[in-house]
Every structure is written in C-alpha cells, then in structure tokens.
1. Condition check: among the small types (Gly, Ala, Ser), in a helix (DSSP H, G or I) and at pLDDT 95 or above. Does residue 237 satisfy that?
2. Looking only at region 260-302, count every residue that is farther than 22 Å from residue 477 by Cβ and either part of a loop (DSSP other than H, G, I, E, B) or aromatic (Phe, Trp, Tyr) (or both) and tell me the total.
3. Of a type in the set (Val, Ile, Thr), assigned by TED's automatic domain parsing to the domain that holds residue 29 and within 19 Å of residue 61 (Cβ to Cβ): which single residue out of 245, 282, 264 fits that description?
4. Name the residues in region 401-432 that are under 19 Å from residue 509 (Cβ atoms) and of a type in the set (Gly, Ala, Ser), would you?
5. Given the structure, is residue 520 at pLDDT below 90 and either on the phi < 0 side of the Ramachandran plot or in a loop (DSSP other than H, G, I, E, B) (or both)?
6. So, in region 212-234, exactly how many residues are charged (D, E, K, R) and assigned to a helix (DSSP H, G or I)?
7. Pairs under 8 Å by beta carbon, first residue in the same structural domain as residue 472 (by TED's automatic domain parsing) in region 372-386, partner modelled with pLDDT of 90 or more and small (Gly, Ala, Ser), six or more apart or different chains?
8. Might you check whether a residue that is in contact (Cβ under 8 Å) with a residue 60 or more places away in the chain, charged (D, E, K, R) and surrounded by 14 or more Cβ atoms within 10 Å (Cβ to Cβ) occurs anywhere in region 407-421?
Amino acid sequence: MTSSKKGRKQAKHKRDAADRVVIFDTTLRDGEQSPGASMTLSEKLQVAELLDEMGVDIIEAGFPIASNGDFQAVNEIAKIASNAVVCGLARAGAKDIDRAGEALKPAKRSRIHTFISTSPVHMKYKLQMEPGDVLAAVTSSVQLARKWTDDVEWSPEDATRTDPDFLCRCVEAAIKAGAGTINIPDTVGYTVPQEYHALISMLREKVPGADKVVFSTHCHDDLGLAVANSLAGVAAGARQVECTINGIGERAGNAALEEVHMAIDTRNDVLPYWTSIDAAYITRASKIVSAVTAFPVQYNKAIVGKNAFAHESGIHQDGMLKHTETYEIMTPESIGLKESALVMGKHSGRHAFREKLKELGYELGDNALQDAFQRFKDLADKKKHVFDEDIEALVDDELATANDRIKVVALTVIAGTSGPQKATITLEVDAKHHTREATGDGPVDATFNAIKAIVPHEARLPLYQVHAVTEGTDAQAEVSVRLEENGKSVIGRGADTDTMVASARAYVSALNKLLVKREKSAPEKMLAS
C-alpha cells in the first residue's frame, strides 16, 4: 500500500457481519471497582443512558449480589436501556446467579455473566478448590444462569495464567452447559499481544463447539498493554471486547473503549473490523465518567486527553498550518470534540441557550432549563467569554444538585497572610436558611468548618481536587470532593468562577449524597443545628 492511501482518508472495509466487534462496556462494574470511583444511582443511570445512546452493545451494569445499591442500579438500568443488552455479574454460586437474574428481570434483553477462577494460584489460595470441583462448578453455574436467560457469558478468572489443557476443558464444559459467550480475562494484566493471540487461537482451534460461540477479551492494563492485547485477541478471532470509558478499572485499569474503537476506525486497513459505536459521543462520555468518578483524565491520554489534539512544537504547528494530516491521524470532530464557540454571552436569550444545550447533548425540562439559564446569565455577567465547556460544567453541576436538601445560598471568605482565615456561609436546609461563621487553616478549611457547623458530621475528607474548566484567570473552577464515613464513600462536585464557592458547592453536594446513604441504612442523624 502506498503512503498516499494511508491516514484518515483510508477507505473503510465493507461491513461484513463476521468482522463486527461487539463492545461490552464494564465502566459501571469493573470501572466502579477502582478505589474511590463509586457512583450514585443517578450517576450510574446518567452514564448508562449515554452508553446506550452511543452504541454500546452490552452494558455490564453491576454485581447485584455485592450490595443492595448494586442490585438497584442493575435493576434500574435494566428498565431504561433501549438498545443495549444489560448484563449482571455473578460468581459461580446459586445465590449470586439468582440475585443477578432477579435484578435483570425488567430488561428487554439481559445477560448473566458468571465466572470462576481457573489458575493454579487462584484455585489453591483464593477458592481452596480442586480442579475437578472447579470444572463441576463451571457446568452447574452456566446451567443455572440459563434458567434465567438464554444469553449467558462465562469467564475463567485469571485465564492467562491457567494451565492450557485445563482451560480448554473448562471452556468446553461452559459451551456444553449453554454459554454463548466465552470471555478470556487477562485478570492481572500479565500477558503480551503475541501470547494472547496464541491463547485465543488455541482455544478456537482445540475446543469442541468453539465455532458456535463468541470469544471475548477482557484485558487489564498493568503493563500498559490492555488495548494492544485486546486487538491481538480480535485478530485471533475474538469478536467481543470488554472495555471501559477512559480505561478506568481496578489497579491500572482496563482496555479503554475509546482507544479500541478509534484504533479500529483509524487503522481499518490493518484492522478490518467495525463496531457499533458512534464516535461523536466519545468526548462527552469521557467527561461524564471523569466528572462522576472525580478521576481526572491525564493530559497525554490517547484520544480524550487534553493534549491529544494540541500542538506546541514549532515544527508541528508549521506542519498543521500547511495540512492537518501532517500531525493528526484523526480529527477532533470525529470524537465529538468541537472548538469552543464564543457565541453565548449575557445578551443571549433562553431560546438560544436551549439550542446550545441541544447541540451539547442536553435535553432539560422547563424548570431545570430555567434554573440553568439563570446560572448561565449570572456566569455571563462574570466572564468575558462563555465557552462550551463552561456551559457543560454549569449544567452538569445544576443537574447533580437539582434535588438536594442542602444548598449553598451565600458565602463570604476573608483570607490573606495575616490570618486567621474566616468564612461565613448561609445554607438552605430543607427550605430553611442557616448561617454560621468559622475560622480555619486557609479559606477552604474555614469554609468547610462553617458548613460542618450547620450540618454536623464525622466524615473524613480523603480527596479535594480543583481544576480549571477553561483557560484564563476568569475560568470556572470545577471542584471534586470525596467524603468517607463508616465505610461509605461519596463524591460531590461543584463549579463556579469563584474557587471557594465551587468548593462549598462540591462539599455540600457530597454531604447530600452522604445524607441519602444514611437515610437508607439508619434513622437520620444529620440535621441542621
């Protein structure tokens, strides 16, 4: 192939059904298992709706046996998914599988994903089971799952460190028991592309009935090879890839959905496959998952990082000015990244604001629109330029706090080198205003102490994170706060041009979520003094 045929103008291969790669998104299950990445029910529903819209084939919505919250999330997502299959994870035990089946009852299309460890180290130390018992559990678990749904996926945990002959026997047993998808997890991110390719090839060649099922990849990124291993698996015949938005997941994370899809799309000449993903949703999905988990996307992250389409080198800038393909192999627009338009300002009306929201992917009801519009007007009075990112941060903040019992009404902060730093805050708690003043070691500490004086609690603050939404000294600050209490972890977010106000909003947002968790587990203790 000549160089003139390469690049983003490369013609796509004909979309043959045999080349279709099914996208199995596990952001809401494996992704949420990242330390500190837990999401509320409303946040999970928000992410699930977007995944459903962007063309994800299967949404692994959670691990129903893990908690009542996980069960409820899977159950609610099962009710709202219009296009995607909704999947629940279950270990090989009957309680796990029945719990998953119950959670998935409302789904138009459901899948139970059951698994058991098969590597020597896992069987000996984790399961404390003999290989024969594990093999029997494979058959019984798949058979039980089939009583709930015809769509059953089976996984041998730690497959890449499993004895090949034993792995073949387990896969054969799962297929005979009725599994339609066989997932081969690189649970600890240990394998390399050529090795993983050989493993998938071996299973497809040796196991009876392998031609009747879909093989799947599930690769972790401990060695930075999750996407490469996943694509190697696809080249070997796997036709499902398990992945997450932004690559979040346990330890170093999972294969990143956006990287898998864009690698196939951009290099279709050597990766002649296709997915159902609408890439225009990628940027939005990345931002939402980053916001609800408070996990920032590293600047040099492939596809969705802030610097992915930035060019500072003089040589690169010169090339870009002459022809964008000199240093860009894909366009920002292809992943839904649009240039910020400076068209919204203090003179913009409600109709223009509504149209802008539609362009950014938001559909708000009349009351929510009015509240967001008022905050937009207030922001436009403070900022010279209102960027798309400003509006997204503003609306996300408004949606996240719409039903909160506690709201920030006013804040005054006195800070400086002489000290002490002082904050006076007014909160609305169940429609009543409460004002307190407090000092602290810095303005943020003083603000949080003032809030704590109104809403007493003993929660720890393991995370306080600030980043600017756009550039410039008048940029909105977006603050993320994590609170932990009695094993419960919640994340709050807030945005404002004033970092202290954004901090107060984020802290109060977290308190509201903590209050909800308390109400579910015990009589209310968190009251305004």
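1. no
2. Going through region 260-302 one residue at a time, the tally reaches 15.
3. 245
4. 402, 410, 423, 431 - these are the residues of region 401-432 that are under 19 Å from residue 509 (Cβ atoms) and of a type in the set (Gly, Ala, Ser).
5. Yes; evaluated as a whole, the condition is true for this residue.
6. Of the residues in that region, 1 qualify.
7. none
8. yes
The values are calculated or read from the model by the stated rules, or taken from the named source; none is laboratory data. This one's a predicted model, so the numbers in the text were calculated from it and none came from an experiment. Please note: Cβ atoms are built from the backbone with ideal geometry, for glycine as well, and neighbour counts cover all protein chains shown.
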